[in-house]
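Q: One structure, as C-alpha cells, below. Some questions next.
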C-alpha cells in the first residue's frame, strides 16, 4: 500500500466506505496504521483525536506489519486487557488530549446516547470509538451534530457565553459534507453528498448525487482570483453562510436571529432528506442511464438554487431587522416557505422508456 511504501507525514483519521461496509483508519505517522471494520449496529463520533483501543473488539482489522513490534521493541507499548496492546495508550494517550477535540467527541456521544453520557464533560474519560445510539441515527441527526454548539450544556458559547470553548459548529468551517450511501441502489447512483458551502451552523445542506453531471450555477462558480477579498453574497453560497454566521452567532443574536434561521433550515432539510429518497426511487426505474442522470441533476440543481435564493433572502431579512434595531427580544419571523422542498418531480415522459412506462 501507499503508506507501507512511502509512509505518512502526519497523524490522520480516514473513513473508507462503500455500499456494503465502513472502515475506520488511524494513521499514526510514519508507516504505522490500524484499520477496523465498523459494526453494522454501532456509530462513531470523534473530534480530531484517536479513539481506537483494542483490535479484538472488531470483527475485521488491517494493520501495518510492525504496528505492535515497533512499540514493543522501543519500550513504549502499553498493554491492557488480557495483555493486548492498547493502541490508544500506545500511540496517543490521554496526556495529549485537548479540550477542543475531546469535548467534541463527548458531545457526539451525549447527543446520540444521552441515556449513558450526561452533560458532564470529563477530559480524562475514554469515550469509545464505536457505541450504540439510543435510536437509529438519521441524516438530520448528523446535520444537527455538525451544527452543534453545546446547546443545553454549560459550555455553549451562545447560551452560556462561553468564549473559551470551540464548538463543533464553528464560523471558521469552510465547508461540511454528509456522505449518504444507499446499499439498495445501483452503484452509479448510490451516493448522495449533502454539502454545506460555508459554515453549516447557519448554512444549509443541499444534495449532489454521484450520478449528477453538474451542479447549479452558484454552487459551481469559482470566484476570480482578482476578486480575492470581495465578500460576494450575491453569487457564492459560502459568503451567504458566512454572513449568516456573523449576524446570528453570540448570546446577543442567538435567540432573536440564530434560532429562527436554524429552525427554517431544519424544516427545509427534513423535506429534502425525505424527498431525495423518493427521487432516487423514481430515478432507479428510469431505463436509460443518461435520462436518469439528467433527472437527478435537474432535481439537485433546482434544490441548490432554491436554497441559495432562500439564504440570500434570509441574510437580507436578518440585516434589515438588525438595522431596524429590533430590541423586542422576540424571535424574528422569516417570510420563507420551507414546504417548497417537499416536491418530487415527475419523470419526463421521454425518459420513461417503452410505451411511456417506468420499469419497476
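Every number in this text was worked out from the coordinates using simple rules, so none of it is lab data. Keep in mind it's a predicted model, so treat the numbers as computed, not measured. Reconstructed Cβ throughout: ideal geometry from the backbone, glycine too, with neighbour counts over all protein chains shown.
Q: May I ask you to sort 63, 153 by Cβ crowding, counting other Cβ atoms within 10 Å and putting the fewest first?
A: 63, 153
Q: Could you list 297, 90 in order of exposure, starting from the residue whose Cβ has the fewest other Cβ atoms within 10 Å?
A: 297, 90
Q: Figure the gain on full extension for residue 65 and residue 22 (residue separation times 0.36 nm, minus the Cα-Cα span) and round it to one decimal in nm.
A: Length difference between fully extended and current span is 13.3 nm.
Q: State, in angstrom, two size descriptors of segment 1-137 derived from its alpha carbons: Rg to one decimal place and Dmax to the nearest whole number.
A: For segment 1-137, the Cα radius of gyration and maximum Cα-Cα distance read 15.2, 45 Å.
Q: To the nearest 0.05, how large is the calculated FRET efficiency for residue 349 and residue 309 if R₀ is 30 Å and r is the Cβ-Cβ distance?
A: Once the sixth-power term is evaluated, E becomes 0.60.
Q: On a 0 to 90° scale, report how tilted helix 289-323 is relative to the longest principal axis of the chain, with both axes built from alpha carbons and the result rounded to the nearest 10.
A: That helix lies at roughly 80 degrees to the long axis.
Q: Another question, if that's okay. I need the P(r) histogram for segment 182-262: all alpha carbon pairs, bin width 5 Å from 0 out to the longest distance, whole percents.
A: Pair shares across the bins are 3, 14, 18, 17, 16, 13, 10, 6, 3, 0.
Q: Still on this structure, please answer the following. Starting from the Kirkwood Rh over alpha-carbon pairs, what translational D in µm² s⁻¹ does segment 158-298 have by Stokes-Einstein at 25 °C and 0.890 mPa s?
A: 145 µm²/s
Q: Still on this structure: Could you give the angle, 0 to 90 degrees to the nearest 10, between helix 259-283's Cα long axis and the longest principal axis of the Cα atoms of the chain?
A: 90 degrees
Q: Counting helices only, and only those DSSP H runs with n ≥ 4, report the 222 nm mean residue ellipticity of the chain as the sum of -39,500 (n - 2.57) divided by its residues, in deg cm²/dmol to the nearest 500.
A: -10000 deg cm²/dmol, from helical runs alone.
Q: Please find the FRET efficiency linking residue 337 to residue 12, where r is the Cβ-Cβ separation and R0 is fixed at 35 Å, and quote it to the nearest 0.05.
A: About 0.25, to the nearest 0.05.
Q: What residue among 220, 258, 47 has the largest mean-square fluctuation in a Gaussian network model of the chain, using Cα springs under 10 Å?
A: 220
Q: What percentage of all Cα-Cα pairs in segment 104-160 are separated by more than 19 Å?
A: Considering segment 104-160, 27 percent of its Cα-Cα pairs are separated by more than 19 Å.
Q: If you scale each eigenvalue of the Cα gyration tensor by 5 and take the root, what three semi-axes come out for segment 134-220, rounded to whole angstrom and sorted largest first?
A: 30, 17, 7
Q: Take the Cα pairs of the chain, get the Kirkwood Rh, then feed it into Stokes-Einstein at 20 °C and 1.002 mPa s and tell me D in µm²/s.
A: It diffuses with D of about 94 µm²/s by this estimate.
Q: Would you mind computing Rg(Cα) / (2.2 N^0.38 Å) for segment 66-120, counting N as its residues?
A: Scaled against compact globular proteins, the figure is 1.49.
Q: Moving to a separate point now. Hey, what D do you get for segment 239-360 in µm²/s if you plug the Kirkwood alpha-carbon radius into Stokes-Einstein at 37 °C and 0.692 mPa s?
A: Approximately 199 µm²/s, per Stokes-Einstein.
Q: Normalised by the residues of the chain, what does the relative contact order come to in percent, with Cα pairs under 8 Å and at least six apart?
A: Relative CO of the chain lands at 12 percent.
Q: Here is a further query. Report, to the nearest 10°, how far helix 237-248 tilts away from the longest principal axis of the Cα atoms in the chain, using its own Cα long axis and a range of 0 to 90°.
A: 80 degrees
Q: Hey, what does the equivalent ellipsoid look like for segment 236-275, semi-axes from the Cα gyration tensor as sqrt of 5 times each eigenvalue, largest first, whole Å?
A: Three semi-axes, in Å: 21, 14, 5.
Q: Here's something else I'd like to know. Between segment 94-158 and segment 162-220, what is the separation of their alpha carbon centroids in Å?
A: Each part's Cα centre sits 21 Å from the other's.
Q: Would you order 315, 185 from fewest to most other beta-carbon atoms within 10 Å of each residue's own beta-carbon?
A: Going from sparsest to densest Cβ surroundings: 185, 315.
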